[in-house]
1. Which condition number in (1) open to solvent by 20 Å² or more (accessible area, probe 1.4 Å); (2) under 30 Å from Phe527 (Cα atoms) is the one that Ala391 fails?
2. Scan region 96-110 for residues that are open to solvent by less than 60 Å² (accessible area, probe 1.4 Å) and either touching a Cys at 6+ places or on another chain (Cβ under 8 Å) or under 15 Å from Ser58 (Cα atoms) (or both) and jot them down.
3. If we scan region 329-345, do we find a residue that is part of a strand (DSSP E or B), in contact with a Lys or Arg (Cβ under 7 Å, 6 or more places away or on another chain) and closer than 28 Å to Gly535 by Cα?
4. Could you tell me which numbered condition Leu156 fails, if it satisfies all but one of (1) at pLDDT below 95; (2) on the phi < 0 side of the Ramachandran plot; (3) open to solvent by 30 Å² or more (accessible area, probe 1.4 Å)?
5. Scan region 566-588 and tell me whether some residue there is of a type in the set (Asp, Glu), at pLDDT below 80, open to solvent by 20 Å² or more (accessible area, probe 1.4 Å) and closer than 23 Å to Ile461 by Cα.
6. Show me the strands (runs of 3 or more DSSP E) entirely contained within region 118-176 in which 1 or more residues are among the polar types (S, T, N, Q) and free of Cβ contacts under 8 Å to residues at least 40 places away in the same chain.
7. Take the residues in region 239-258 that are over 30 Å from Met138 (Cβ atoms) and surrounded by fewer than 20 Cβ atoms within 10 Å (Cβ to Cβ); name whichever of them is nearest to the chain's Cα centre (by Cα).
8. Find all pairs meeting these conditions: Cβ atoms under 6 angstrom apart; at least six residues apart or on different chains; first residue within region 503-529 and under 30 Å from Arg426 (Cβ atoms); second residue open to solvent by 40 Å² or more (accessible area, probe 1.4 Å) and part of a strand (DSSP E or B).
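The values are calculated or read from the model by the stated rules, or taken from the named source; none is laboratory data. This one's a predicted model, so the numbers in the text were calculated from it and none came from an experiment. Counting neighbours? That spans all protein chains shown, and the Cβs are built from the backbone with ideal geometry, glycine included. Surface areas here come from the heavy atoms of the whole protein model, side chains and all, with no ligands, DNA or RNA. Shrake-Rupley method; radii C 1.70, N 1.55, O 1.52, S 1.80 Å.
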Amino acid sequence: MSTFNIYKKVLGLALVALTFVACADKWDDHYDSKGEGMNDASLWQAINENSNLSNFASVVKACGYDKALGSSQVFTVFAPTNEQFSAQEAQELIAAYNAEKGKVVEDDNTVIKEFIQNHIAMYNHSIAPTSNDSLVLMNGKKTTLTAKAFGNNTILTTNEHYANGILFTIQGKAKYFPTVFEYLRKDADLDSLASFFYNSRFYRKEFIPGRSVAGGIENGKTVYLDSVFVQQNDLWDYLWAYTNEEDSTYWMVAPTNKEWKKLLEEYEPYFNYDDNTRFRDSMVYTMPRIAIVEGSIFSRTMNSDAHLTDSALSTSAAETYIYRESYWGNKNLHYYQFGGKSAENTQKPYSATGIFSGTENVECSNGMVMKSDNWKINKLNTFNQWIIVEAENYTAIKEVSKKENSKGDLEPTITAEVCEVMNDNRFHNKVWSNAFVEFKQNITTQNHSVLFNIENVLSNIGYDIYLVTAPALANDSNATQAQRIPTKLDCAINYHNQQGETEKTVLKSKISNNPDIVDYLLLAEDFKFPTATFGLRESEPQVTLEVKTNVSAREQSQKAFDRTMRIDCIMLVPHGISQVTEEGFEVAPHGDGDSYFWLKQ
């Protein structure tokens, strides 16, 4: 494909530029340049023969765009005159073009994208005395076109019709405003962040034949005069943040190289996957970096100026209480949100310790990059989350104890029965999700066990592990004394070592001394897993918790203890942020919004 086969970077916007036709255009003139006073010369001839456009012409020719502007394709050109675009500036652009030539795809060349295509639009766009329109340029950028100005540049001459388009002259070269995504690669302080977002694992360009202009067949293959490519980036989809789009507005808190290095050194140990993990190298690279950027991008559609004085909702946040409970197990867990109505002033986005404080802000065409060399986004409000395994969840139970029957078949010794807590019960909103599982005994002559699946654990970071039990009264307000006998439990946790082998750690044995409360049995404090499962899709989770009754036949016969288990949930809580009270969990302040909030059981 020749150097003048022009493609658009952003979603083929130039091909739909007819949406932004100036009001003085005639419909046919928009495409074929037939209008009053039309000159038979091409746009390139007009530019090349105008001595006041010689500096602009030299750059156009050096970049190969003289061929495009001399072809039958229709363009509107806004050419800066020599008075405010000097020969030295032109030579600097030509040198920059040649320095990148052959090293990047032609239209990724900075001079092509930020200078040539920043002064050209597809099709005809003439103006009238009352014009005030929006115009899409060849590089996908939007600008205003009025009777007197092209963006911020004064128009000197207007509506010069030529065989393949319209020529304007303007005072000075048009300023190029990068998107938030583009700016990352333009700032040396953000090299580390840019290398992640532009990594070929995620970022690519896809050719769109249906939006491209075919020019004929050569050697049995279609040759395109105008090739349209669309940017794709898996990170945009993952983060719900399309920072390349001109039609959206985003703010991004961006760590400088110094902060990026510091954060990576801290976060990488949290994402140590075992040696047998599929695509381990990719996971080890990707996940700590995702941990840095997730929660750092904010859509202005979701965050008005008034809203941001109180709290900031990132693109990774859950917008409603229903989503919070679905994603994280409780509506009061509001990850990726900063501040809030009940938050202390020190936690609000613009406070001295808030996430927006101390940043260097750079305006972009679709928002703002907020450079930070003092990172204030707390991991306890992003990826270092509570893990709540509801016993009644269909994926929670891996297996229960079994015994061989008279036919030689294995049968469960217990049956899991989901019990709901009705809204007139005094334990309503004290049992998590108002449901628990009662493991009823099929066989009363032995102890029983149940194995629970636990997913998304981090490595080398402390968890306090709780087993939460429910009382019989939560399902039946008239439960008898015989139904309310306590139980004794032994617990152990299974996980993978670095080699992918399963290891077991026996946790504290627990007695539910008061069977008439929602009981929080602390099994381990500051427990650290050697390997992570965070972000893995596991058909067979590596981490499991075994819960087993430890009641003797004598204890059961004397009704001192019983082998019936009522399990509400398992909780892995980041170490040191909470304490259990009679009402449930009181969560210490850690920059997540509320200084204290209650998780209603």
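1. For Ala391, the exception is condition (1).
2. The answer is Ala96, Tyr97, Asn109.
3. Initially, region 329-345 is screened for residues part of a strand (DSSP E or B), giving 337-339.
Still in the list and also in contact with a Lys or Arg (Cβ under 7 Å, 6 or more places away or on another chain): 339.
Those left that are additionally closer than 28 Å to Gly535 by Cα: 339.
There is at least one residue in region 329-345 that is part of a strand (DSSP E or B), in contact with a Lys or Arg (Cβ under 7 Å, 6 or more places away or on another chain) and closer than 28 Å to Gly535 by Cα.
4. Against the list (1) at pLDDT below 95; (2) on the phi < 0 side of the Ramachandran plot; (3) open to solvent by 30 Å² or more (accessible area, probe 1.4 Å), Leu156 comes up short only on (1).
5. Taking region 566-588 and keeping what is of a type in the set (Asp, Glu), we get 568, 582-583, 586.
Okay, now just the ones that are also at pLDDT below 80, so 582-583, 586.
Right, trim to open to solvent by 20 Å² or more (accessible area, probe 1.4 Å) and you get 582-583, 586.
Still in the running and closer than 23 Å to Ile461 by Cα: 586.
Scanning region 566-588 turns up at least one residue that is of a type in the set (Asp, Glu), at pLDDT below 80, open to solvent by 20 Å² or more (accessible area, probe 1.4 Å) and closer than 23 Å to Ile461 by Cα.
6. Numbers: elements: 120-122, 132-136, 142-146, 153-162, 165-170.
Answer list for region 118-176: 132-136, 142-146, 153-162.
7. From region 239-258, those over 30 Å from Met138 (Cβ atoms) are 253, 255-258; that's our starting set.
Next cut, surrounded by fewer than 20 Cβ atoms within 10 Å (Cβ to Cβ) only: 257-258.
On the way: Asn257: 20, Lys258: 22 Å.
The residue in question is Asn257.
8. Ser509/Asp490; Ile511/Lys488; Tyr520/Val580; Leu521/Lys510
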